[in-house]
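Asker: Please see the structure below; I have some questions.
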Amino acid sequence: MGELAGNLALGFATALSWQNLALCFTGAMVGTLIGVLPGVGPIATIAMLLPLTFKADPTGALIMLAGIYYGAQYGGSTTAILVNIPGEATSVITTLDGHQMARHGRAGVALGTAAIASFVAGSIATVVIAALGVPLTKLALLFGPAEYFSLMAMGLAFATVLARGSVYKAVAMIVVGLLLATVGTDLETGEDRLTFGLQDLSDGIDFAVLAMGLFGFAEVLRNLENPETRDVVKGAIGRLLPSRADLKQSLMPVLRGTGLGAMLGILPGNGAVLGPFASYAVEKKLARKPERFGRGAIEGVAGPEAANNAGAQTAFIPLLTLGIPPNAVMALMVGAMTIHGIIPGPQVITKRPDLFWGMVASMWIGNLMLLVINLPLVGLWVRLLKVPYRLMFPAILVFCCIGIYSINNNPADVMFTAFFGLAGYALYKFGFEPAPLLLGFVLGRLMEEKLRQALVLSRGSFLTFVERPVSAGLLLVAVVVIVVAVLPAVRKGREQAFQE
Amino acid sequence: MGGNRMNRIRAPQDALGGLFLVAMGAIALWQGAGLSAGTLGQIGPGMLPRALAAVTLLSGLGLFAGSFFALGGGLERWHLRGPVCVLGAAVLFGLTVRPLGLTVAAPLALLVAALASRETRWIEAAVFAVALTAFCLGLFKYALGLPIPVAPWLIGY
């Protein structure tokens, strides 16, 4: 306990420097600004704003990026409540009751509840990260290549189950992602692989390029095709602070949501996506009058928002302790860390404690800032939401281009992004989800490395993965998850969950 | 009648998607053909790319075959205007940013992208292009100091 307090003290000392506070504030602010734009999710937001962090030192850059991430998340919720357009999968749930509250003239209360719920969840999740950081890092040091490989395999298994649409197509997308990850110079022999002789591909496909193409550009193309039905809430936002009765009604949902979100967020394989869905289902089940849900029940905003934010934050745990990014956003964080010369993994906490704990502390500060920034600025966001799409999409495109160019100062990257934008458009038309592809890509390189190491150690025997107990356990979980997902009964439930 | 039914694709979307995967797997197999696979104890550079390409190809075949049996989604309409203008704008940006700088690349990309929407009003778009370019120059070049060319043909950087 004393150690934890000492660590947090170090963290706050780092995060509370004027410079880092300013970076955290700017990050949260611009993150919200971009995240509010309909159709721009956190992945595109972070990829677009990555260059903003280049000037800062590594600690400051990560603090700012984390701020951008929370800002983007919160901006997505704002859009969900005010316009009924979810910025990303995790704010789908918020549209259900949040937008209904807004229609009944309680937009302000919905936004306020979302902000407060996120803040409470963020505070608790910060403590969870601080408490789990050290023990999990120690665990990570016991992991050999076989365990790492199996852990990532388990993550991919979860990703197939959590994707929308058919499990078969999700598996195919993961394989394509793994395949794309092999493009570039071979780790051991230095040979070029699948590069089509292009010099620009010998370093592999840049993650930001792939993510921006598949999510950012393809999203613009999709939005252009669907006639605009933006239903910005008209009339007054109303007061922002929830009444005492509102708070009393939201308290337990927030705490339950935080617990669910925090637990699911730790899972490798984008468990955080599941948090809001799970929380909504639980609250509906526990409610005395479940028919209120979908008609503006405050619990339907408070619980899922808390789960969303808690999961968004605990998703840092696998990244910071094991070096495994559990979702696409965390993969972008890896990219940002590498740019600043930090390789995420268990060594960060011992070698750069100021960076690790500073980032943990800044998570809490960032959540507080969101509360402070957003409540007074709601009017500005509403005005921003009224900007017509005909102006918004060319601006988004130009920002994306500048962002992508600036990552490596390479014009070819912009063209590759356009290519992946086309690929993303095609995948959408064929009914494939890009999210599992991205996760396969994210884990691909590390998985290949660990697979090859494990097989060298075992002299080519695959039995090593089932003879080592931890590895066997992880693989067993993976198999069970997949089997359960294709069972007809669960399949039906899963379809229903995504339909809602 | 029975034979006829067997020949009919019942899930056109899956059929095309499957062929897409087959094509991707085949291209990757062709590209990776020269790489040595190694042995399981000492995996070479070619083993994983080829194995994954093969799985991609097979899963595509599976999807294609399945589309004859199970009913599935129909084909989506493909549009030309959006993808051509938006992605073309990005390509133009990539081509022009080094030689001509941001002062040309940004407004050019913005206006070409604006062609994608029927709702675009040209005077508004032109004013917006100028304003946005000025904003981007101020933010990315002067506030953040990113090494992005401004106008090499005019001021040399």
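The values are calculated or read from the model by the stated rules, or taken from the named source; none is laboratory data. Treat the numbers as computed from the prediction; the structure is a model and nothing was measured. All Cβ positions, glycine included, derive from the backbone under ideal geometry; neighbour counts span all protein chains shown.
Asker: Can you report the number of residues in segment A:155-168 which are of a type outside the set (V, I, T) and either on the phi > 0 side of the Ramachandran plot or surrounded by fewer than 24 Cβ atoms within 10 Å (Cβ to Cβ) (or both)?
Answerer: 4
Asker: So, in segment B:48-62, exactly how many residues are more than 7 Å from chain A (Cβ to nearest Cβ) and in contact (Cβ under 8 Å) with a residue 12 or more places away in the chain?
Answerer: Of the residues in that region, 7 qualify.
Asker: Further question: For B:V104, indicate whether it is in a helix (DSSP H, G or I), crowded, with 17+ Cβ neighbours inside 10 Å and over 23 Å from the mean Cα position of the chain (by Cα).
Answerer: For B:V104, the condition - in a helix (DSSP H, G or I), crowded, with 17+ Cβ neighbours inside 10 Å and over 23 Å from the mean Cα position of the chain (by Cα) - is met.
Asker: If you don't mind, there's one more thing I want to ask. Could you pull out the residue among B:P147, B:P83 that is facing chain A (nearest Cβ under 9 Å), within 23 Å of A:L224 (Cβ to Cβ) and not aromatic (F, W, Y)?
Answerer: B:P83
Asker: Could you list, in sequence order, all residues of segment A:449-466 that are under 23 Å from A:T185 (Cβ atoms) and more than 8 Å from chain B (Cβ to nearest Cβ)?
Answerer: Answer for segment A:449-466, where residues must be under 23 Å from A:T185 (Cβ atoms) and more than 8 Å from chain B (Cβ to nearest Cβ): A:E449, A:K450, A:Q453, A:A454.
Asker: Output yes when any residue across segment A:429-437 is part of a helix (DSSP H, G or I), within 10 Å of chain B (Cβ to nearest Cβ) and in contact (Cβ under 8 Å) with a residue 60 or more places away in the chain, and no when none is.
Answerer: Checked segment A:429-437: no residue is part of a helix (DSSP H, G or I), within 10 Å of chain B (Cβ to nearest Cβ) and in contact (Cβ under 8 Å) with a residue 60 or more places away in the chain.
Asker: Here is a further query. Out of segment B:89-101, which residues are touching a residue at least 12 places away in the same chain (Cβ under 8 Å) and at the interface with another protein chain (Cβ under 8 Å from one of its Cβ atoms)?
Answerer: The answer is B:A89, B:A90, B:F93, B:V97, B:R98.
Asker: Something else now. Looking only at helices (runs of 4 or more DSSP H) that fall completely inside segment A:19-132, which ones have 2 or more residues that are surrounded by fewer than 22 Cβ atoms within 10 Å (Cβ to Cβ)?
Answerer: Because the criterion is at least 2 residues that are surrounded by fewer than 22 Cβ atoms within 10 Å (Cβ to Cβ), the helices (runs of 4 or more DSSP H) in segment A:19-132 that meet it are A:92-101.
Asker: Still on this structure, I have one more. So which pairs qualify, if the first residue must be in segment B:105-124 and at the interface with another protein chain (Cβ under 7 Å from one of its Cβ atoms), the second must be in a loop (DSSP other than H, G, I, E, B), the Cβ gap must be under 8 Å, and the two must be at least 6 apart or on different chains?
Answerer: Close Cβ pairs (under 8 Å, with a partner that is in a loop (DSSP other than H, G, I, E, B)) amount to B:A114/B:T120; B:E119/A:P388.
Asker: Can you tell me which residue in segment A:200-243 is farthest from the other protein chains (Cβ to nearest Cβ), limited to those that are at pLDDT 85 or above and over 29 Å from A:P394 (Cα atoms)?
Answerer: Ranking the candidates gives A:S243 first.
Asker: Inside segment B:67-79, can you point out the residues that are free of Cβ contacts under 8 Å to residues at least 60 places away in the same chain, within 9 Å of chain A (Cβ to nearest Cβ) and either more than 19 Å from A:A426 (Cβ to Cβ) or touching a Leu at 6+ places or on another chain (Cβ under 9 Å) (or both)?
Answerer: Listed by number, the list holds a single entry, B:H79.
Asker: Which condition number does A:F356 fail, the rest of (1) buried (at least 19 other Cβ atoms within 10 Å of the Cβ); (2) more than 14 Å from every other protein chain (Cβ to nearest Cβ); (3) more than 20 Å from the chain's Cα centre (by Cα) being met?
Answerer: Going through the list (1) buried (at least 19 other Cβ atoms within 10 Å of the Cβ); (2) more than 14 Å from every other protein chain (Cβ to nearest Cβ); (3) more than 20 Å from the chain's Cα centre (by Cα), A:F356 breaks only (3).
Asker: For A:F419, which of the numbered conditions (1) under 25 Å from B:A89 (Cβ atoms); (2) at pLDDT below 90; (3) surrounded by fewer than 21 Cβ atoms within 10 Å (Cβ to Cβ) fails to hold?
Answerer: (2)
Asker: So, in segment A:287-308, of the ones that are modelled with pLDDT under 90 and either assigned to a helix (DSSP H, G or I) or among the basic types (K, R) (or both), which residue ends up surrounded by the most Cβ atoms within 10 Å (Cβ to Cβ)?
Answerer: A:R292
Results for (1) farther than 20 Å from A:M48 by Cα; (2) surrounded by 16 or more Cβ atoms within 10 Å (Cβ to Cβ), shown as yes or no for each residue.
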position	(1), (2)
B:A116	yes, yes
B:E119	yes, no
B:T133	no, yes
B:G138	no, no
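Asker: Output the number of residues of segment A:444-462 satisfying the condition of being farther than 16 Å from A:V334 by Cβ, surrounded by fewer than 17 Cβ atoms within 10 Å (Cβ to Cβ) and charged (D, E, K, R).
Answerer: The total comes to 1.
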